[in-house]
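Quick note: the coordinates plus some simple rules give every number you see, no bench work behind them. These numbers were taken from a predicted model, which means no experiment stands behind them. As a convention, Cβ positions derive from the backbone with ideal geometry for all residues, glycine included, and neighbour counts pool all protein chains shown.
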Amino acid sequence: MNNSPVELLAMIDHAVLKPDCTRREILEACQIGKQHRLGCVCVPPSWASAAVAQLTDSPTPVGSVVGFPFGFALSGTKAAEAGALMAAGCAELDMVVNISALRSGESDIVTADIAAVAGAMGARREGPVLKVILETCYLDEDEIACGVRAAVAGGAQFVKTSTGFGPEGASVEHVRLLRELAPPEMGVKAAGGIRTLADMEAMIDAGADRIGTSATLTVIAELGI
C-alpha cells in the first residue's frame, strides 16, 4: 500500500454513531473532518442538520445512516428517512440491508429495499452515494454474494461490511471477498473494529476503498499529522 497520508485521510468515514453521543461530540467530529479533509463525517439522522451546518464550506461531506443498525424497517420507512436526510443536506447514506430477508433467500425483497432508498436519494456514481451494509458476520459466502448482487441491482455505489454493532466487525477475508464479488466500479467499505493505522492498511490491501472508523484521531496520530 503506497497511499500518502492525505490520501489515507480522504478514505476515512469518521463515524459518531454511538447511542449516547452528544451534540458536542458531533461538532468535534465535524471539526476533525474539516481540518483533515476526511472522506466523510457520518452522524445519526437526528444530528444531520447540525453537521451539515458545520461542514457547509468544507470539502468533507456529511453522511448518515438509514435503517440503522438492524435493517428491519419497512422499505417505505427507509426511503422516507433517506429523502429527509437528502433534504437536510447529506451527501452519503449508509443503509442496513434487510438482513432477515437476505438470510431467508428473499433476494427480490432485498433488491427492492435497496432500490427504494436509492430512488429516494437519487443515488448515482458521482453522488449522492449509497452504501449498503451487509453485516457480513451474520452471512455465509452465498448470502454475501446475493447481497452484493442486490446492491448492484438496487442502484448502490458501495457495499459495506458492518454496522459496528454486530458481534463482529470487518475482517480482511470479508473485505477481500466483497472486492472479488463486486464489479470494479462499485466501492467496498470496511467498518467495525478498525482502530489503528495497521488495521486500516490491512483493509485497504484487501480491497477497501473507504474505511469507517471512530478511531480517526488514533490514525491521525500514528500518521504523525
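Quick notes on this structure:
- Against the criterion of being in contact (Cβ under 8 Å) with a residue 40 or more places away in the chain and either more than 17 Å from the chain's Cα centre (by Cα) or not in a strand (DSSP E or B) (or both), ILE109 does not qualify.
- Near pairs, Cβ below 7 angstrom, 6+ apart or cross-chain, from region 62-73 (over 15 Å from ALA156 (Cβ atoms)) to any residue that is of a type in the set (Phe, Trp, Tyr) and not in a strand (DSSP E or B): PRO69/PHE165
- Residue identified as within 17 Å of the chain's Cα centre (by Cα) and farther than 25 Å from GLY193 by Cβ among ALA116, ALA123, ALA101: ALA123
- Total residues in region 180-191 satisfying the condition of being within 24 Å of LEU17 (Cβ to Cβ) and touching a helix residue (DSSP H, G or I) at 6+ places or on another chain (Cβ under 8 Å): the figure is 4.
- Within region 42-89, considering residues that are outside any helix (DSSP H, G or I) and touching a Gly at 6+ places or on another chain (Cβ under 6 Å), the one surrounded by the fewest Cβ atoms within 10 Å (Cβ to Cβ): ALA73
- Selection count where residues are part of a helix (DSSP H, G or I) and basic (Lys, Arg), scope region 118-173: 1
- Test for LEU85: is it aliphatic (A, V, I, L, M) and under 29 Å from CYS146 (Cα atoms): yes
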